[in-house]
Amino acid sequence: MVTMDEQGLIKAGILEIFGDNGFADVTTMTQRDFDHISEQLRQKSGILISGTTIKRLAYGEFSRLPQIATLNAIASYFDYKTWQDYKSDKIRNEQVNTPAREAVDEPAEAVSTSRQSITRNKAGKARALMFLKYLPAFLSVIVIAGLYFFGATKAPVEHAEKATFSFKKNTSNDIPNSVVFTYNIDSVKADSFFIQQSWDINRRVRIYKNKYTITDIYYEPGYHVAKLIANDSAIREVDVSIPTDRWFLYAIDNVAKYTPEYVRTERFADHGTLGLEISQLLENKIDITKDKRYHYVYFPSHVDIPSDNFSFKTRVRMRDVRPTTCPYIELELFCQRSFMVLRSTTKGCAHEAFMTFGEQVVRGKDTDLVPIAFDVSQWTDIEILVNNKVVTIKINDKIAYSTHFTTDTRYLTGLGYISNGLVEVDATELAGHDGKVLYESTFENTEP
């Protein structure tokens, strides 16, 4: 057994974290999955590693060691204080489990081959030095600087406690919403600084010292956690709430980078249901031939229902917008920290079903989720009951799945219906066990 080098140790650690969170095959993971792992690491270690960086580490796409904050975040996930502690323990365990190799004499041919290899290496180094010697001076500087740049690691963050971070909304709760962030990083020592407006790594903006404000735009309503980032560490957070107090509908192309297309209409709750018609999409110039996700979301101004004790009941079905092999209905309960998701699809496509509750991520690709699958074109009753972080899911009054989570997701901030078709909602009730109601309606009137 060959001793695992540090690069392999990093990759193995990341893949083990994936496995703990329900991701058995890295090749099937989406950017949002990597961002979810990023959030789990941040909650455990207090260090933010971008989803893009995590993906690169999982594929072993790095020629030098990541900065120490990244390594410590991985170690912290496994309850080690530092990366050095984690690495030493892993190497120690590997040595204990690896039988000692008996010393053997090398054949003469091997000795000869080894000497030839050493000679070739020395000759290669000599040629490289000769090459640099005769390079023009400015090219030598570029080569040396490039070697230094790609071989260097970022310095640790210092004096993070001296940073300040706040915001104000310029446009009340309108969508899109203009937000002005105020910050001071002059006393913080780090190589780079960013403001990231939410969990989405694509919403990250570079900032600099001796500047103190930056204006950003939120294209979606909701409860966002904005982060002030030094290197890859979140050193400050602020909660940015942009409620709707009504249903807000939009479409998004089913790709990693996107901009919402708003559905502006006077009528989207009629005939006893909440929903849209294809004609309303066309009126808003939405290209229905593209693969899109259609969102109906509701975010109240007042947040007071704990996300570890509540009940959610709804009756839904969906209609296709364009031909699709695996139609789905995705119920999302937004929380102050993280989110809860239940995606149901037809039984033949149960491998595409999944659910997320806190740190628990369950995917149909490696778990039997047929019990939560149903014919999404037919009216179906769904219940999500959470009692002290124990989750029970019912489909048509029958228990379909149970799980539990430990993450402190704090309070519920809103709910949403998401689909690759148009969902119809016959009734909705989201309430705490103490009787407090976040939203309740049977949509009998035209007003949502």
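Per-structure values
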quantity	calculated
Using θ = phi - 60° and Karplus 6.51 cos²θ - 1.76 cosθ + 1.60, couplings along the stretch 185-195 (whole Hz; Gly, Pro as x)	10, 4, 8, 8, 9, 6, 7, 7, 9, 9, 10
Percentage relative contact order, the stretch 231-385, counting C-alpha pairs under 8 Å, at least six apart	20
Spatially proximal aspartates and glutamates relative to K398 (Cα-Cα < 12 Å; intrachain offsets below 8 disregarded)	D381, E383
Cβ-Cβ FRET estimate between V238 and H159, R0 fixed at 25 Å, reported to 0.05	0.80
For peptides 229-235, 388-394, sequence by mean Cβ density within 10 Å, most packed first	229-235, 388-394
Hits among lysines - C-alpha to C-alpha of K81 under 17 Å, sequence gap 8 or more where chains match	K44, K90
Packing-based ranking, highest mean first, of 246-254, 25-33 given that Cβ atoms within 10 Å are counted	246-254, 25-33
Separation in nanometres of the label points that stand 7 Å from Cα toward Cβ, at L65 and K394	5.5
Over the stretch 182-238, relative contact order from alpha-carbon pairs under 8 Å, at least 6 apart, %	39
Set of aspartates and glutamates with alpha-carbon distance to K168 below 19 Å, sequence-local pairs under 8 removed	D216, E220, E237, D239
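Rule-based calculations on the coordinates, nothing more; no lab input. The model shown is predicted, which means the values in this text are computed figures rather than measured ones. Note that we place each Cβ from the backbone using ideal geometry, even for glycine, and neighbour counts take in every protein chain shown.
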